[in-house]
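The values are calculated or read from the model by the stated rules, or taken from the named source; none is laboratory data. Since we're looking at a predicted model, the values are computed, not measured. Neighbour counts run over all protein chains shown; Cβ positions are idealised from the backbone, glycine included.
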Protein chains: 2
Amino acid sequence: MAQLIADRRDIDFVLHEQLEVENLTKAEKFSEFGKKTIDLIVSEARNLAVKEMLPLQKPSDEGCEFNNGEVKVPEGFHKAMEAYNEGEWLAMTDDPQWGGQGMPKSVGMAANEYFYGACNSFMLYNLLTHGAAKLVETFGTDAQKETYLKNMLSGKWAGTMLLTEPDAGSDLAAVSTIAKDNGDGTYSLEGNKIFISGGEHNLTENIIHPVLARLEDAPEGIKGISLFLAPKFLVNEDGTPGEFNNVVCTGIEEKMGLHGSSTCSLELGGKGQCTATLLGEKNKGMAAMFLMMNEARQMVGLQGFANASASYLYAVNYARERVQSKGLTDPVGSKAISIINHPDVKRQLLMMKSWVEGIRSLIYYGGLCHDRIAISSDDAEKKQLSTLLEVLTPIIKGYVTDKAFEVCNHGIQIYGGYGFIEEFPVAQLLRDSRIFMLYEGTNGIQSMDLMGRKLTMYNGEPFKYFLEQVQRVISVSKTVDEVAPMADSLESFFAEYTELAQHLAHMPQSGKVLDAFAFSHPFMEVTGDLVMAWMLLWRAGVAAPKIGKKKKDTAFYQGQIQTARFFINTILPITRGRLDAIRRGDAVAAEMEDAAFGGK
Amino acid sequence: MAQLIADRRDIDFVLHEQLEVENLTKAEKFSEFGKKTIDLIVSEARNLAVKEMLPLQKPSDEGCEFNNGEVKVPEGFHKAMEAYNEGEWLAMTDDPQWGGQGMPKSVGMAANEYFYGACNSFMLYNLLTHGAAKLVETFGTDAQKETYLKNMLSGKWAGTMLLTEPDAGSDLAAVSTIAKDNGDGTYSLEGNKIFISGGEHNLTENIIHPVLARLEDAPEGIKGISLFLAPKFLVNEDGTPGEFNNVVCTGIEEKMGLHGSSTCSLELGGKGQCTATLLGEKNKGMAAMFLMMNEARQMVGLQGFANASASYLYAVNYARERVQSKGLTDPVGSKAISIINHPDVKRQLLMMKSWVEGIRSLIYYGGLCHDRIAISSDDAEKKQLSTLLEVLTPIIKGYVTDKAFEVCNHGIQIYGGYGFIEEFPVAQLLRDSRIFMLYEGTNGIQSMDLMGRKLTMYNGEPFKYFLEQVQRVISVSKTVDEVAPMADSLESFFAEYTELAQHLAHMPQSGKVLDAFAFSHPFMEVTGDLVMAWMLLWRAGVAAPKIGKKKKDTAFYQGQIQTARFFINTILPITRGRLDAIRRGDAVAAEMEDAAFGGK
């Protein structure tokens, strides 16, 4: 039967065959998460996603209702939220101390792939709640944790992230919301925030807002920003929501997609006092945000990926059903065939498959790094893995969401004219996916993070460690007959890439900062392609020895080899061209003057 | 002042400096269209577009209203249509015999760029009317011309194109609508058509439908399809619209964009007789359609291009206004600058500029080929130019609409989070543009047309002539100091490309049909990039000697050189990588079996 949202066979392959997550059970922390338990978790997640969330996707497109400061989420969201909370899914990977289930993150990624792929706008409320809860857990006082944490991780109360202001988007140093010290350990906030996802809604009885703001005597710029916690309703002594705290929703945005998620403008303290407590240290708000940002960015990557995965399955299923035109080599008068048999359709499906599967491996691998950090007792190893994750984060956020949008775009193309019609699911997946390239740091900013920070941080050690992981897969693959030629190809590309990366790492120091950053996005793209090739070669190396052993799996394993071949033999040459363009280094973009762009 | 829709300076550059359209005045037919007249025409078109059409763009997004078989277009369309018809713009390039103004098509492209860039969904009604009118003009009897043609070309009556059926999309051979001979020179149509743009609306007092259908005794497949003409209202003896002709609109589609254009399902003859006359010869309907299709496809390319051009200007203007973050090399504490000064933003704007300007040149050049055909008395030259246009058509339709979508996507990215908000114009331009990659033959089909037909037709002569045009620009550019290095780069790429094209031309004959078509789309992309490089190098060669002559034009001409440099030095290496991938020829897509795609 045709699958929906995500390919279960491939999920199992990544978890059990590629990443071997059962190895985690050797550690006490994950000892309960053997193969059977994992399979059960993934099945439960799939059931919940298919039954409760997927039916919300189409109605969610109708959007939220704004009326007099209040926001109604699409019908059906409440019921799905009940089911989601009942299964305690929000805290599936969290500390049992706060009601979490202590599940490995690698497994959590699989569950989340189903949830986000079913209805991304519904899940965004949960993503934000979880992120806000992690801020409270990491930086909160005992009192703050006591007041908020369990209610948030159980999904009873929601959370947000109040960063952006009209003049402070990419540049958070420009935040101008003010926090006045009330002298009693609380602060009064005054300011305006925009683009606040889930800033107001009727899904939960309270909403907890982490807010970036400035103390009145704070230094200018980024070093004068603190983090505060302002609930929608002040919390009574008995822990119940009390008085309204004057976080006023002044409107919601009409967007291109993701309509089920309310995107709010909020006025803090304009209509009456908005009381907040300090979260973490004074003037250290940005540091706190950055600490959480890697994880938030990894989740945005998952958001994009989940839509790409869903779009791929819709496209494959449609291509199997849709009959149109005879085969190119069939004799005149032959019957029309399913379009999955036409070479250009197959090419597009292979594009989608390559990226969906390469990204699935990358995202689960990111989860596994977290898991290995969690169970490691070796500080050096912990640092190695967490800085590896930092290196991979701009790829997971920036490269992945770029490619996810492209995959969704192919999904539409496979549907032909029907792809443009909203009755079919692929147009919405594309529209919904467009925001992932923008929020949580635009993808341009991700590329600057990769080139300007991640490439060189800690003396380049983390980046070197990343390259070693790639090299290891290449080396192992060279010993497997069927994939050795691909490993050779990748190795020769890899050598060129490594040389380029070293060259770029030294460019900013040599005074060519602007020239270097004229190539930051192309460099992210090349690096992302390398990561895809790494993951797909790894997959092929795992699959190759298994071909022919079980008949029902033969096509799947052969598909793994073919996908790697497709990527390495027909996509990687393009990447090499891009690499060559960077190496040539004609930084026209850096020297181009305003007037030369025309339009005046 | 910031310009809207299209860059007038660049339009003038292409018309007067690159293509030198005034040369057309040497011919009697175009003797009235000197530079002053052309400039006046373009200015008038711009005024009309900015004043009457641009204000429709946002309201058009609300869509059409369907009620009981009737379709209401968005408010304001009627008024704009009056102004458009009053200026006799629909027939601007047509034969004066039928009310046309006999303007060169190259100039018409400039006017249309403004119109379509202002409100594509409004203009689509006109595009269809014009296409239908050309069918009547080319294949109609005197009586048919008398009855319909002037009313259509004046915009009083609209036209459509009834091709697609639920099971006949890309494969028109599957058309099943039946035409019964009434024995009196008329036919009764019975069938269902879908995805009919402008199939029903209240913009005009009558709608004339060319319909693909089968005579009852027609042979199967493509050779049994005839073309008919069925008006919405039968025409009275006095030429006025009479009785309803049972072309019944059963619904309109809810789409991803282009909402102002009604996309209709039509039932012919289900509720009563639908009378039609034969247009052209029996069973030769497809041949007639194909004859018109090149021009229709060129217009779809213009549709995509116009949105890309509009998106580029919005993005440049926004990037000049939006202030965010200090410059990368500015000292700590410096003020934030306009984002047009950040290298990654400039890179994206240059991407947009390269394609918008390269495509503008291509599209106007296409118009100029038509013009030169129209005034040539040399049959060999006529054939050379018209087959050159046939070669370029899949590029103008397929490559251009692919790239236009990408340009619109960059437009959103430049706006940051605002790009996702519908209050700003760039999201709609992207959504509206998505259909251009699908209708009038999907872009996959365009690529198959290029590789399977255009590359080899007439013994490869037209393709060779195309290559000669590119070579000529390269040779001339090598004599211009400032652009010679770029010409050298392009020449070396060009040699590789030519070799590859020859190789591909022979592949199908050598029995590797499916393998070849697994690379048809990449080949279209590589060819399109070559065309862009050709056009941009041509521009740079024209601009270079003029630098410094007029101060106010210096930035513009320098921008021409920089844009060519950007494309040839940083994009063409990627193209070369793609070319390399095709040359390697690992046709995984051709051998991939259904089951290997997974998802079951």
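Any residue that is in contact with a Pro (Cβ under 6 Å, 6 or more places away or on another chain), part of a loop (DSSP other than H, G, I, E, B) and of a type outside the set (Ser, Thr, Tyr) - is there at least one of those in the stretch A:66-74? The answer is yes; a qualifying residue exists. Is it the case that A:PHE195 is under 30 Å from A:ARG360 (Cα atoms), touching a Ser or Thr at 6+ places or on another chain (Cβ under 7 Å) and not in a helix (DSSP H, G or I)? So A:PHE195 passes the test. Comparison of B:PHE77, B:PHE66 shows that the only residue that is within 24 Å of the chain's Cα centre (by Cα) and aromatic (Phe, Trp, Tyr) is B:PHE77.
When the stretch B:75-91 is filtered for residues that are surrounded by 18 or more Cβ atoms within 10 Å (Cβ to Cβ) and in a helix (DSSP H, G or I), the ones remaining, listed by number, are B:PHE77, B:ALA80, B:MET81, B:TYR84.
On the given criteria, is A:ASN112 surrounded by 22 or more Cβ atoms within 10 Å (Cβ to Cβ) and free of Cβ contacts under 8 Å to residues at least 60 places away in the same chain? In short, no. A residue that is away from chain B (no Cβ under 14 Å), of a type outside the set (Asp, Glu) and farther than 23 Å from B:SER325 by Cβ occurs nowhere in the stretch A:216-227. Screening A:PHE233 against (1) hydrophobic (A, V, I, L, M, F, W, C); (2) surrounded by fewer than 21 Cβ atoms within 10 Å (Cβ to Cβ); (3) within 14 Å of chain B (Cβ to nearest Cβ) leaves a single unmet condition, (3). Comparison of A:LYS282, A:LYS223 shows that the only residue that is of a type outside the set (A, V, I, L, M, F, W, C) and within 25 Å of B:GLY417 (Cα to Cα) is A:LYS223.
Selection over the stretch B:259-312 of residues that are closer than 19 Å to B:PHE195 by Cβ, touching a strand residue (DSSP E or B) at 6+ places or on another chain (Cβ under 6 Å) and part of a helix (DSSP H, G or I) gives a count of 1.
Every residue, every condition in (1) buried (at least 23 other Cβ atoms within 10 Å of the Cβ); (2) modelled with pLDDT of 95 or more; (3) not polar (S, T, N, Q), yes or no:
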position	(1), (2), (3)
A:LEU392	yes, yes, yes
A:ILE395	yes, yes, yes
A:ILE412	yes, yes, yes
A:PHE424	no, yes, yes
A:LEU430	yes, yes, yes
A:GLY441	no, yes, yes
A:ARG472	no, yes, yes
A:PHE494	no, yes, yes
A:MET507	no, no, yes
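For the criterion of being away from chain B (no Cβ under 14 Å), in a helix (DSSP H, G or I) and touching a Lys or Arg at 6+ places or on another chain (Cβ under 7 Å), A:PHE494 fails. Being farther than 20 Å from A:PHE195 by Cβ, among the hydrophobic types (A, V, I, L, M, F, W, C) and touching a strand residue (DSSP E or B) at 6+ places or on another chain (Cβ under 7 Å) holds for only one residue in A:VAL235, A:VAL248, and it is A:VAL235.
Of all the listed residues (B:MET535, B:MET592, B:MET524), the sole one being in contact with a Gly (Cβ under 8 Å, 6 or more places away or on another chain), closer than 30 Å to A:ALA595 by Cβ and aliphatic (A, V, I, L, M) is B:MET535.
This table checks each residue for (1) out of contact with any Lys or Arg (no Cβ under 6 Å at 6 or more places or on another chain); (2) surrounded by fewer than 24 Cβ atoms within 10 Å (Cβ to Cβ); (3) farther than 22 Å from B:PHE228 by Cα; (4) not assigned by TED's automatic domain parsing to the domain that holds B:GLU20.
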| residue | (1), (2), (3), (4) |
| --- | --- |
| B:THR93 | no, yes, yes, no |
| B:PRO96 | yes, yes, yes, no |
| B:MET103 | yes, yes, yes, no |
| B:LYS134 | yes, yes, no, no |
| B:THR141 | yes, yes, no, no |
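Restricting the stretch B:541-600 to residues that are part of a loop (DSSP other than H, G, I, E, B) and in contact with a Ser or Thr (Cβ under 8 Å, 6 or more places away or on another chain) leaves a set whose member that is farthest from the other protein chains (Cβ to nearest Cβ) is B:GLY548. Checked against (1) within 14 Å of chain B (Cβ to nearest Cβ); (2) touching a residue at least 60 places away in the same chain (Cβ under 8 Å); (3) not hydroxyl-bearing (Ser, Thr, Tyr), A:ILE359 passes all but a single condition, namely (1). Within the stretch A:306-356, restricting attention to residues that are charged (D, E, K, R) and facing chain B (nearest Cβ under 9 Å), the residue that is nearest to the chain's Cα centre (by Cα) is A:LYS353. Looking only at the stretch A:24-63, residues that are surrounded by fewer than 17 Cβ atoms within 10 Å (Cβ to Cβ) and in a loop (DSSP other than H, G, I, E, B) come to 5 in all. The residue that is surrounded by the fewest Cβ atoms within 10 Å (Cβ to Cβ), among those in the stretch B:168-184 that are in a loop (DSSP other than H, G, I, E, B) and facing chain A (nearest Cβ under 8 Å), is B:ASP171.
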